[in-house]
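Visitor: Below you'll find the structure I mean.
Read-outs: derived from the displayed coordinates by stated rules, not from any lab. This structure is a prediction, so every number in the text was calculated from the model and none was measured. All Cβ positions, glycine included, derive from the backbone under ideal geometry; neighbour counts span all protein chains shown.
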Amino acid sequence: MKESVSLQSRAFYKIIWLFVLIFIVIALASILAIRDETRHDAKRNLQVRTQVVEQVFNDYLTRAEYEMGYISQDLVLGDYQPGNELEMLFSHHEVLFFGGLDFFYIDWSHRSSATDPRARIYTQESLPELLSIGQINRWVKVVTKDDAILLMYKKKLVSKGRILQGYLYGFVSLNNNLALSSELLDGANADLVSLYDKHLGRVLLKESRVDFDASDSVVSISSDLVTHVYGSQLLLNITKRMPISDSMVSAWIRVLLFSPKFR
């Protein structure tokens, strides 16, 4: 009788361990599946964010274009002595410090040109050497000899009498532009964002969160960026941290929530 009870106990414990083993296997398989699904969802979310980043980038350039409009209007309508245009602009033009332009260059037809002093922050190259590739009312990419990567916008300076007085050139830096980088990173809602130029074969802009660690588990997506830049092929890359520990905890919680025992 005792031997029969003992055999039944052993069989019972074996069944219990079998159920435990099956539960563990199913749980691990579920965790792996949910983790993969979580990463897939994160990638889909990043794909949606690329559209936001694209809009942020183009809005930034549009803001710079409006700034060009304000400056050109002041240049042709402002009351100032020739040669004092920079003093006039910087004395009351608040948009110069809050707009999208990093610097500008004024190419007068019948008097000396004027260079925004902020240009020296971004490049030591002579700006007139860059102007030949400019296109009216279009952004074009310019790479200087000292490796500055700039976007340049050309605008006519036309008097009230419809007489062409010269051209205004506005510049936005790509590889030295904290404001643009921060706006793109915020728009991406990610941990790292970068712009890659297919023509140059190099990264133009790269910005990451302070606490971002490249050794962490991450999800990344790449997408072509449709921009206002003429003839440019830019590739956007967005990266978001997804530490394995966080994925596993999230997966365990979802397994437990859908487990009959915990309903």
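Visitor: Note the full-extension length gain between VAL210 and LYS198 as 0.36 nm times their separation in residues minus their Cα-Cα distance, in nm to one decimal. Spell out each step's value before the answer.
Guide: Numbers: separation 12, 0.36 × 12 = 4.32 nm, distance 2.74 nm.
Full extension of this stretch gives 1.6 nm more.
Visitor: Identify all lysines with a Cα-Cα distance to LYS141 below 21 Å; exclude those on the same chain that are fewer than 8 residues away in sequence.
Guide: Of all the lysines, those that pass the test against LYS141 - Cα under 21 Å, at least 8 places apart if same chain - are LYS154, LYS155, LYS156, LYS198, LYS206.
Visitor: Let me ask something additional. Under the 0.36 nm per residue contour assumption, what length would be gained going from the current alpha-carbon distance of PHE90 and GLN55 to full extension?
Guide: Using 0.36 nm per residue and subtracting the Cα-Cα distance, I get 9.6 nm.
Visitor: Would you please give the FRET efficiency between VAL48 and ALA179, computed as 1/(1 + (r/R0)^6) with r the Cβ-Cβ distance and R0 = 25 Å, to the nearest 0.05? Could you put the intermediate results ahead of the total?
Guide: Numbers: r = 24 Å, r/R0 = 0.96.
The calculated FRET efficiency here is 0.55.
Visitor: Would you tally the net charge around ILE106, using a Cβ to Cβ cut-off of less than 10 Å, leaving ILE106 out, and scoring K and R as +1, D and E as -1? Present the calculation step by step, with values, prior to reporting the outcome.
Guide: Numbers: positive: ARG111; negative: GLU85, ASP107, ASP116.
For residues surrounding ILE106, the net value is -2.
Visitor: Taking H as built 1.01 Å from N, whose amide H comes closer than 5 Å to the amide H of VAL158, not counting residues under 5 places away?
Guide: GLN165
Visitor: Assign unit charges at the C-beta atoms only (+1 for Lys and Arg, -1 for Asp and Glu), then state the dipole size of region 81-208 relative to its Cα centre in Debye, rounded to the nearest 20. Please list the in-between numbers first.
Guide: Details: 14 positive and 15 negative charges, 136 e Å.
In debye, rounded to 20, region 81-208 gives about 660.
Visitor: Next question. Working out 0.36 nm times the residue gap between ASN189 and ILE136, then minus their Cα-Cα distance, what length gain in nm do you get to one decimal? Show your work: numbers first, answer last.
Guide: Details: separation 53, 0.36 × 53 = 19.08 nm, distance 3.43 nm.
Here the answer is 15.7 nm.
Visitor: Could you work out the local net charge near VAL142, counting Lys and Arg as +1, Asp and Glu as -1, over the other residues with Cβ closer than 14 Å to its Cβ? Spell out each step's value before the answer.
Guide: On the way: positive: ARG138, LYS141, LYS145, LYS154; negative: ASP102, GLU125, GLU129, ASP146, ASP147, ASP197.
So the surrounding residues net to -2.
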